[in-house]
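Please read the structure below before turning to the comments.
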Amino acid sequence: MISSYFKKPLEQFILSGLGNVPIVSFYAKTRGWPFVIAWIHRISGMLMLLYIGIHIYTLSFLAIPDAYDAKMKLFGYFPFSFLEWLLALPVIFHALNGGRLILYEIFGIRNDESMIRWVLGLSATYFLLLGLLMVMGDQTVSPIFFWLIIFIVGILPGYLVTSKIWNIAGSFAWKLQRITGAYLFVMIPAHLLFMHLQPAVGHEAGIVIARMQNGFIKFIDLTLVIGVLYHAGYGLTAIIRDYLRSRLLQTGLVFLVFLIMAVLGWIGIKLTLSI
């Protein structure tokens, strides 16, 4: 049974669907929707990390433009494009719910009922908007203009979070994780949106290479690679330390996470700088 905590039709529709998933339904009844949403946040973050790994691997084919174009042609078929559209759900939910957690934890805004409603509503709106753009596929925008505006908007929450937490107690690693989260809150949904304004933006090697050769775009791409991998790595290690009791197992998995992030970072940075 869906909690009366959510009363609006859109919220009821979303949560009714989730409530039909056996495991989700069980924990919603026994632990409440905030607990379920917390775990959806973690799982969506893991899905995003998996996609980022695939994304970096795919971009490595830019060294052979014909191979990249062939792979992108394959990804352009309906089953893959549909899966790419579905990816918008974990991306936008993780970003918006991360923003909610920052407001809750750092700024003391603790009206969870209202904020979760905004997260659900805006996630659905973004998901539908991206789907519309993918179907139309004929929008154009200057990459420099687009990313200049998005970067300015993106550094504002990063600056606000930095000014709020810089002089309070907490490790530098913890602070950097929150700062990168505030920056990526804007940048990651914008990146997914930009890549679907027009199919050629991400599917034609020549256009991708020309864009990535611009110095400003290189800077943006580097901040995304470093920010995403640090944020994801810190989040994974936090989950490992929170839920595993064995110190030996903790240490081994944390080292594995560090190794994976380092390899992906090295490939991503090298790729960005070499083009």
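Rule-based calculations on the coordinates, nothing more; no lab input. Everything numeric in this text was worked out from a predicted model, so none of it was measured. We place every Cβ from the backbone using ideal geometry, glycine too, and count neighbours over all the protein chains shown.
How many angstrom lie between the Cα centre of the stretch 141-186 and the Cα centre of the stretch 234-275? When both Cα centres are located, 21 Å separates them. Protection proxy ranking, highest mean first, for peptides 239-252, 39-52: 39-52, 239-252, where packing is the per-residue count of other beta-carbon atoms within 10 Å, averaged. Would you mind checking the tilt of helix 9-19 against the longest principal axis of the Cα atoms of the chain, expressed as 0 to 90 degrees and rounded to 10? For helix 9-19, the angle is close to 90 degrees.
Taking a Cβ cut-off of under 13 Å around MET72, the surrounding Lys, Arg, Asp and Glu residues balance to a net charge of -2, with basic ones at +1 and acidic ones at -1. Starting from a Cα-only point model with no solvent, please compute log10 I(q)/I(0) by Debye for the stretch 218-275 at q = 0.23 1/Å. Debye intensities relative to I(0), on a log10 scale: -0.83. Considering only ALA262, ILE152, VAL141, the residue lying farthest towards the positive end of the dipole of the stretch 128-266 is ALA262, judged by Cα position with unit charges set on Cβ.
What is the angle, in °, between the Cα long axis of helix 215-243 and the longest principal axis of the Cα atoms in the chain? Nearest 10 is fine, range 0 to 90. Once rounded, the angle reads 30 degrees. Taking R0 as 41 Å, what's the FRET efficiency between ILE109 and PHE146 from their Cβ-Cβ distance, rounded to 0.05? Efficiency at R0 = 41 Å is approximately 0.85. How would the stretch 55-121 be classified by its alpha-carbon gyration tensor: rounded, prolate or oblate, with rounded meaning a/c under 1.5 and the a/b versus b/c comparison settling the rest? Note, shape of the stretch 55-121 comes out oblate.
Could you please tell me the mean projected area of the C-alpha convex hull for the stretch 32-274, averaged over all directions and given in square nanometres to one decimal?
Working: hull surface 56.3 nm².
Projected area, direction-averaged: 14.1 nm².
For the stretch 174-262, the Kirkwood radius over C-alpha pairs fed into Stokes-Einstein at 25 °C and 0.890 mPa s yields D = 162 µm² per second. For the stretch 104-119, 3J(HN,Hα) computed residue by residue from phi via the Karplus equation (6.51, -1.76, 1.60; θ = phi - 60°) reads 5, 7, 9, 9, x, 8, 10, 7, 4, 4, 5, 5, 5, 4, 5, 4 Hz, glycine and proline entered as x. Under 5 Å between amide hydrogens, built in the peptide plane, is the criterion, and for GLY76 it picks out nothing among residues at least 5 positions away or on other chains.
Using the Cβ atoms and a cut-off under 15 Å, what net charge is assigned to the surroundings of MET212, where Lys and Arg are +1 and Asp and Glu are -1?
On the way: positive: ARG211, LYS218, LYS270; negative: GLU204, ASP221.
Local net charge: +1.
Provide the packing ranking of 100-113, 184-197, i.e. peptides ordered by the mean count of other C-beta atoms within 10 Å per residue, highest first. Before the final figure, lay out the partial values.
Numbers: 100-113: 13.7, 184-197: 21.0.
Highest-to-lowest ranking by the protection proxy: 184-197, 100-113.
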